[in-house]
Protein chains: 2
Amino acid sequence: MRKSKKTILSELKLHMEEGNIGLLQQNLNKVQSPVILDLLKDINTEEKATVFSLLDKELAYKTFKFLDYSTQKDLIKSLPYKQAAILLNGISTDDRTAFFEELPSAALNEFLRLLSTEERNITLTLLGYPESSVGRLMTPDYIAVKEDWTVKQVLDFVRENGKDTETINVIYVVDEKGILLDDIRIRAFLFVTPEKTVKELMDHNFLSLSPIDDQEVSVNIFRNNNRVALPVCDSFGVMLGIVTIDDVLRLAKEEDTEDIHKLGGLEALEEPYMNVSFFTLMKKRVGWLIVLFLGEMLTATAMGFFEDEISKAVVLALFVPLIISSGGNSGSQAATLIIRALAIGEVRISDWFRILKREIFSGVFLGFVLGLLGFLRIVVWSNFTNIYGEHSFRIASVVGLSLTGVVIWGTISGSMFPLLLKKAGFDPATSSAPFVATMVDVTGLVIYFSFALLILRGTVL
Amino acid sequence: MRKSKKTILSELKLHMEEGNIGLLQQNLNKVQSPVILDLLKDINTEEKATVFSLLDKELAYKTFKFLDYSTQKDLIKSLPYKQAAILLNGISTDDRTAFFEELPSAALNEFLRLLSTEERNITLTLLGYPESSVGRLMTPDYIAVKEDWTVKQVLDFVRENGKDTETINVIYVVDEKGILLDDIRIRAFLFVTPEKTVKELMDHNFLSLSPIDDQEVSVNIFRNNNRVALPVCDSFGVMLGIVTIDDVLRLAKEEDTEDIHKLGGLEALEEPYMNVSFFTLMKKRVGWLIVLFLGEMLTATAMGFFEDEISKAVVLALFVPLIISSGGNSGSQAATLIIRALAIGEVRISDWFRILKREIFSGVFLGFVLGLLGFLRIVVWSNFTNIYGEHSFRIASVVGLSLTGVVIWGTISGSMFPLLLKKAGFDPATSSAPFVATMVDVTGLVIYFSFALLILRGTVL
């Protein structure tokens, strides 16, 4: 994107190695935060602290904001008390809340002491809202005006107070009780004469969020409504703060990462893959692997019940992986579709019956296709090999019917399980695809051997 | 969120049923596009066309923009020629490009004829950029000024020309050749006296995109840089257009949905789950299921090689599902982690060796845990049952070692395969978790029976 980024980076590193602090400071403050972020990737915490102590305030805030949590924490700890306080006081309220949210409470108190009284109060208020609620995402830095003000008064007010606000793309109109009356885009003020009043620009038409709404709700509202900021109001309509689209873009990324990790059968990582410690990485992965392993142990138990049948017809064992994995794959597909559709608000729990109908048809179609393929595979093969014995047609029927049954069952349970989880108040993504697959594996064996008993009894069994 | 949405909706439906067009029109234009979108969900195409013919221009554009592709197409087709032209001419250029992009070329030409000459030219230019490139995402509606203009001149220019532009939060400074010199936030103009010149506000510090950049690149740049819009420049630095954050938010959602669907083992749906036709839904699902099925057929072939061993020791068959699914689960985990990390730019192909090292350690740790669990399960169980015969300790060793081997192999191949795919120019998400799981299933069987031959030869085998 920028042509000479590499050159800039190596120059900065050279200054650092040579201890040429003057030149380093001068050049650091010429570049933008992405370059500094790249530089920080390659240096240790002590060197990071040096870099931050040389940065201009504004640039330091901007850069700090995009560091991951562990780096932020290490950095705040290794900076002198006073510089840490400047950094913490300077970053915007919502970013600070996000930072504090992840701290253990002992460390939280330690860091809160670094804030000015005013900033501390704001942060504590925001921390009062439940985790992953809109309240934790909002910033109280916005511009509110009264409806009897003139456009000139508004613009003067913006000029005086706007520098610190998160966004001045939208101006909020509140009454004397603080109740939100309207939101007006700043551009509207540029298109009219200064004598007009705010009232004349109002259409009393606005969207607002509640501080106890789930953050996921706010993401979907932003996605569907083309806004750069949305106001947050309490149940009386009193305006509490705003949520801005840049935070929502980052939140959406985090939520999608969380869902993807859960779908992959692990707990969501909160830090980048490369930064997370090996211990944490294992903690997030081994838990679900063990749960799935214990679930999958039931397959050995289930197969144990059919040990006699297997010893009579070893050929049955050959198709076990094929059958259970087909059930697992169709279950994963259905679960993935429904989990994503729930996450982006395309379907709701109340749609369960329409989804069920759709997935029954899907299961029947997909099951028929795979069942037919499995049936044909054995019938065709049996012309070339004697592996299936004289009863190859019966065995083909068992495999074909089992595949159809298992795929139908996988598709239905894969689509319904996320809805049940959501209904019970859990995150539907937790019924990760591998989890559904494991459930279907165990039940799939029972379906398979039941068909075998039904069709092969009296011949090979 | 809005209290009386339900009431509003049922009122609108009542007016429609009663054919009270006057009242319907009046009430429709009082609400916001989300309410209309909800209304459109429950009515047929003909009724949708009625609603659109009653909407004010601005509201119609806003609402149209959020409809999915098939509804947009149906609507444009069922509206009278002239109204369709108004709708197509009115929606912003980037949305129109997104709409046309999905049309077959015959239909494209039909629709292009509905545009004014000027709008048609703009759209054709945008369609010239490769699919999923930044060029397709940009809009040429932005405000550009010269560096010798005064602040007053800029504000007057905005007042005259700003109404149609996508965003006036950022003003772009270009020279007489159209080369981008700087971007300045509109708020900066509000904080200074009208006599200052643009030059005095410039810091010559800006980020820009190339029209041939991949759209995914632009998503990550927005995520990391707190911008509401970014300029797009050609290789000479000439400004071509801007990309706005609202489009990026929607794009990020689409890309994540695509990745999630691929990870779930199906082709990405381009429409909402509930809207997509049954035929399309099956087309997107059956393909991968068949591919995975054909892959999984190799398990039957692999097990066929060991049929003699299975008939000698049926107990071996009991653990086949447990062992191959453990390999599959660990492979899915690793693949999911790396695919997501690649998508959000946390890791690059060049990091492959660091990833490999990490995943070898992970595989060894996870494999050891699961192997130990499997080993202990059999040893403990054999005290209560005779199912494993006199050689239960040997069988426990085979299962334990196989689990360890399979998990290590699954972890390594799951993490490396996405990198290989990306290196070869494919989308890494295509090596969906089930695909890796299938690969590992087949090889897992070979690992299992190899350990069995090694340890059990001379006893049960």
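The values are calculated or read from the model by the stated rules, or taken from the named source; none is laboratory data. Every value quoted in this text rests on a predicted model; they were computed, and no experiment measured them. Counting neighbours? That spans all protein chains shown, and the Cβs are built from the backbone with ideal geometry, glycine included.
For B:LEU403, which of the numbered conditions (1) farther than 21 Å from B:MET303 by Cβ; (2) surrounded by 23 or more Cβ atoms within 10 Å (Cβ to Cβ) fails to hold?
That leaves (1) as the condition not met.
Can you tell me which condition A:GLY241 does not meet? The list is (1) buried (at least 21 other Cβ atoms within 10 Å of the Cβ); (2) more than 7 Å from chain B (Cβ to nearest Cβ); (3) out of contact with any Ser or Thr (no Cβ under 6 Å at 6 or more places or on another chain), and all the others hold.
Among (1) buried (at least 21 other Cβ atoms within 10 Å of the Cβ); (2) more than 7 Å from chain B (Cβ to nearest Cβ); (3) out of contact with any Ser or Thr (no Cβ under 6 Å at 6 or more places or on another chain), the lone unmet condition for A:GLY241 is (3).
Looking at region A:264-289, I want the residues that are touching a residue at least 40 places away in the same chain (Cβ under 8 Å) and have a partner that is surrounded by 20 or more Cβ atoms within 10 Å (Cβ to Cβ) and hydroxyl-bearing (Ser, Thr, Tyr) with Cβ atoms under 6 Å, at least 6 apart or on another chain. Which pairs are those?
Partner pairs satisfying both residue conditions: A:GLY264/B:SER332; A:GLY264/B:THR336; A:GLY265/A:SER432; A:GLY265/B:SER332.
Scan region B:291-305 residue by residue and report those that are more than 7 Å from chain A (Cβ to nearest Cβ) and either within 26 Å of the chain's Cα centre (by Cα) or over 24 Å from A:PRO434 (Cβ atoms) (or both).
Residues satisfying the conditions are B:VAL291, B:THR301, B:PHE305.
Taking only pairs six or more apart or across chains, which ones have beta-carbon atoms under 9 Å, a first residue in region B:379-392 that is more than 11 Å from B:ALA313 (Cα to Cα), and a second residue that is part of a loop (DSSP other than H, G, I, E, B) and of a type in the set (Ser, Thr, Tyr)?
Final answer for the pair search is B:TRP381/B:TYR388; B:SER382/B:TYR388; B:GLU390/B:THR459; B:SER392/B:SER382.
The conditions are (1) in a helix (DSSP H, G or I); (2) away from chain B (no Cβ under 12 Å); (3) within 33 Å of the chain's Cα centre (by Cα), and A:ASP141 fails exactly one of them. Which is it?
Against the list (1) in a helix (DSSP H, G or I); (2) away from chain B (no Cβ under 12 Å); (3) within 33 Å of the chain's Cα centre (by Cα), A:ASP141 comes up short only on (1).
Return the residues of region A:121-138 that are surrounded by fewer than 18 Cβ atoms within 10 Å (Cβ to Cβ), assigned to a helix (DSSP H, G or I) and at pLDDT 70 or above; say none if nothing qualifies.
If the condition is that a residue be surrounded by fewer than 18 Cβ atoms within 10 Å (Cβ to Cβ), assigned to a helix (DSSP H, G or I) and at pLDDT 70 or above, then A:THR125, A:LEU127 are the ones that fit.
Condition check: in contact with an Asp or Glu (Cβ under 9 Å, 6 or more places away or on another chain) and either buried (at least 20 other Cβ atoms within 10 Å of the Cβ) or outside the structural domain of A:ASP214 (by TED's automatic domain parsing) (or both). Does A:ALA343 satisfy that?
yes
So B:LEU281 fits all but one of (1) aliphatic (A, V, I, L, M); (2) at pLDDT below 90; (3) in a helix (DSSP H, G or I); what number is the exception?
Of everything listed in (1) aliphatic (A, V, I, L, M); (2) at pLDDT below 90; (3) in a helix (DSSP H, G or I), B:LEU281 misses just condition (2).
In region A:189-207, what count of residues is obtained for those that are crowded, with 18+ Cβ neighbours inside 10 Å and either in a loop (DSSP other than H, G, I, E, B) or facing chain B (nearest Cβ under 10 Å) (or both)?
Count: 3.
In region A:374-389, what residues are crowded, with 19+ Cβ neighbours inside 10 Å and not in a loop (DSSP other than H, G, I, E, B)?
Passing the criteria: A:GLY374, A:PHE375, A:ARG377, A:ILE378.
Please report, ordered by residue number, the helices (runs of 4 or more DSSP H) entirely within region A:19-90 with at least 3 residues that are of a type in the set (Val, Ile, Thr).
Passing ranges, in order: A:45-54.
Could you name every one of the helices (runs of 4 or more DSSP H) located completely within region B:306-346 that has at least 1 residues being touching a Gly at 6+ places or on another chain (Cβ under 9 Å) and more than 7 Å from chain A (Cβ to nearest Cβ)?
Of the helices (runs of 4 or more DSSP H) lying wholly inside region B:306-346, those with at least 1 residues that are touching a Gly at 6+ places or on another chain (Cβ under 9 Å) and more than 7 Å from chain A (Cβ to nearest Cβ) span B:315-318, B:320-343.
Just to be sure before I move on: is B:PHE435 modelled with pLDDT of 90 or more, in a helix (DSSP H, G or I) and not basic (Lys, Arg) in the structure I sent?
Against the criterion (modelled with pLDDT of 90 or more, in a helix (DSSP H, G or I) and not basic (Lys, Arg)), B:PHE435 does not qualify.
Taking region B:360-388, which residues are facing another protein chain (nearest Cβ under 9 Å), over 37 Å from the mean Cα position of the chain (by Cα) and within 16 Å of B:GLY405 (Cβ to Cβ)?
Residues satisfying the conditions are B:LEU373, B:GLY374.
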